[in-house]
Amino acid sequence: MQPRLRRLDKMLGAPLFESILWGHEYDLDGLDKDLRTRIESGQFKKIVFYGMGCSSVVSDIVKGFFLRENIPVQVEVVNDYDLEWFVDPATMADEATLTIIVCYSGWSVEPCLFYERMREMTGNRNLIVLSGGGKIAGLCARDGTSLIQYKLRHADREYPLYHVQQFFSIFLDLFHRLKITRSTYRTELEDAVRFLKDEFHEGTRARAGAVAERLRGSRVVLLGTADWYVTLLKQTTMFFNEIAMVPTHRNLLHEFSHTEVAAYSNPSEKQAIVVFADSEADDYTREKIRTLEGLFGDATVAQNRRIEFVKIDLDHGSFFRNFFFAHFFAVYVAYYLGKLADVEGRDLISIAAKNPWWSQRSIELHPTCVDIPSVLETENDAPVAVG
């Protein structure tokens, strides 16, 4: 079993479920007092998040949650430093817009570039960086920019993805402390943890293992309606890609039926369609899922011999129960699928994203995520420092 899976094996179940209740593991001391006062006064009507990878996952969850809960703050998520294609620059300079750059490692290049753009465009006003440290924390210290620092006790060195549920809880706690929301949702989170401990019994874990067996050797597409596409499918895709190392992408359920569905006419290689089906979806959506299941789930149709159709029901009665059940069921599937695939990882993310924090050398030099340094050694032992 690969190291990433051995580490996940120790956390699966109660340790990860209980991390939902650790929303207090961050430090607000670096938040400018004047900015905090203005946030608490209700000055900001829009929040623009910037993030890459796992950091953008949590931002998307927050966006979907704010919409679902009718919280009167508009949330946008930007995933590229060419922000003009996401948000009007005039919006970024608006006194009613709060910009939050989320970068757990502090070493991703794009958030640092975006930070410099925001500093040039608006100064340090109305700007917060949320990070575990790293280069971007050094930039904040240099410029006097507000920094909220993650302080996770049990952070996995290579995969912050394992802590998505805790990052979400941190945002819920943070927004309540800043008076953006009226609740920490602590009661709902405690209920979700009890539910998960009861629900993920041996039968549920076996069901996840059976799904993994069906998906083995497939290219996977994940489908959901817009609400679950925003809040759930990005991290699920990342778990399948990073942990199981299985090629996976996501699409909106209805868009898929107008476009990609044609590619499943008679595939020459194994394909899998995984649908997250909300019991409270409208009649048309539920009928659409039944149609797709009829098209691809019928094993008597010869063209379906290389297609697996899997439906995961979201029928647990509340957003938190549905969200966390789907999240952890997907984590278990990815874990079992990773064991079946047994693919050894490479430094692909570190090299492709030009992020030295995820390199094997940095992992060896800094085996924990406590106080991520703002200076790292490179392969040539020449330090990479704050710009």
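Values quoted throughout were computed directly from the atomic coordinates according to the rules given, and no laboratory measurement underlies them. Note that this is a predicted model, so its numbers are computed, not measured. Glycine also receives a Cβ, built like all others from the backbone with ideal geometry; neighbour counts cover every protein chain displayed.
Electrostatic tally near Ser131: other residues with Cβ closer than 12 Å to its Cβ, Lys and Arg +1, Asp and Glu -1, net 0. In summary, the aspartates and glutamates within cross-link reach of Lys339, defined as a Cα separation below 20 angstrom excluding same-chain residues under 8 places away, comprise Asp9, Asp156, Glu158, Glu202, Glu213, Glu242, Glu308, Asp347. Kirkwood-type hydrodynamic radius, the range 18-185: 15.8 Å, calculated from all non-identical alpha-carbon pairs. Taking 32 Å as the limit for the C-alpha separation, the pairs Lys46/Lys135; Lys63/Lys270; Lys45/Lys288; Lys46/Lys197; Lys151/Lys234; Lys10/Lys234 exceed it in the case of Lys63/Lys270; Lys45/Lys288; Lys46/Lys197. What is the helix-to-structure angle for 164-177, meaning the angle in degrees between its Cα long axis and the longest Cα principal axis of the chain, kept from 0 to 90 and rounded to the nearest 10? Between helix and principal axis, roughly 40 degrees.
Against the empirical curve 2.2 N^0.38 Å, the C-alpha radius of gyration of the range 200-341 lands at a ratio of 0.99. Phi-derived couplings, Karplus 6.51 cos²θ - 1.76 cosθ + 1.60 at θ = phi - 60°, listed residue by residue for the range 65-72: 5, 4, 5, 5, 8, 6, 6, x Hz, with x used for Gly and Pro. Placing one equal scatterer on every Cα of the chain and applying the Debye formula, the log10 ratio I(q)/I(0) at q = 0.09, 0.12 Å⁻¹ is -0.55, -0.97. For the range 275-352, the square roots of the Cα gyration tensor eigenvalues, ordered a ≥ b ≥ c, give a/c of at least 1.5 with a/b no greater than b/c, which places it in the oblate category. Against the chain, whose longest principal axis is taken from its Cα atoms, helix 109-122 shows a tilt of about 50°. Can you give me the relative contact order of the chain as a percent, contacts being Cα pairs under 8 Å and 6 or more apart? Over the chain, the number comes to 20 percent.
Rounded, prolate or oblate, given the Cα gyration tensor of the range 17-69, with a/c below 1.5 counting as rounded?
Here the range 17-69 falls in the oblate category.
Look at the dipole of the range 91-225 built from charges on Cβ: of Ser108, Phe175, Ala155, the Cα furthest out on the positive end belongs to Ala155.
Net charge near Val230, counting Lys/Arg +1 and Asp/Glu -1 over other residues with Cβ under 15 Å of its Cβ? Once positives and negatives cancel, what remains is -2. Considering only DSSP beta bridges where both residues belong to the chain, give the percentage that are antiparallel (nearest 5). The antiparallel proportion sits near 10 percent.
Ordering Val310, Ala326, Ile243 by the projection of their Cα atoms onto the charge dipole of the range 200-341, which places +1 on the Cβ of Lys and Arg and -1 on the Cβ of Asp and Glu, puts Ile243 at the extreme positive end. Between amide H atoms placed 1.01 Å from N, distances below 5 Å from Ile47 occur with Gln74, Val75, Glu76, Leu98, all of them 5 or more places distant or on a separate chain. Here the 3J(HN,Hα) profile of the range 232-243, calculated from phi with Karplus coefficients 6.51, -1.76 and 1.60 at θ = phi - 60°, is 10, 6, 5, 5, 5, 4, 5, 4, 5, 6, 8, 8 Hz, Gly and Pro shown as x.
With Cα atoms defining each centre, the range 71-93 and the range 219-260 are spaced 23 Å apart in the structure. With respect to the chain, whose longest principal axis is taken over its alpha-carbon atoms, helix 283-296 is tilted by about 60°.
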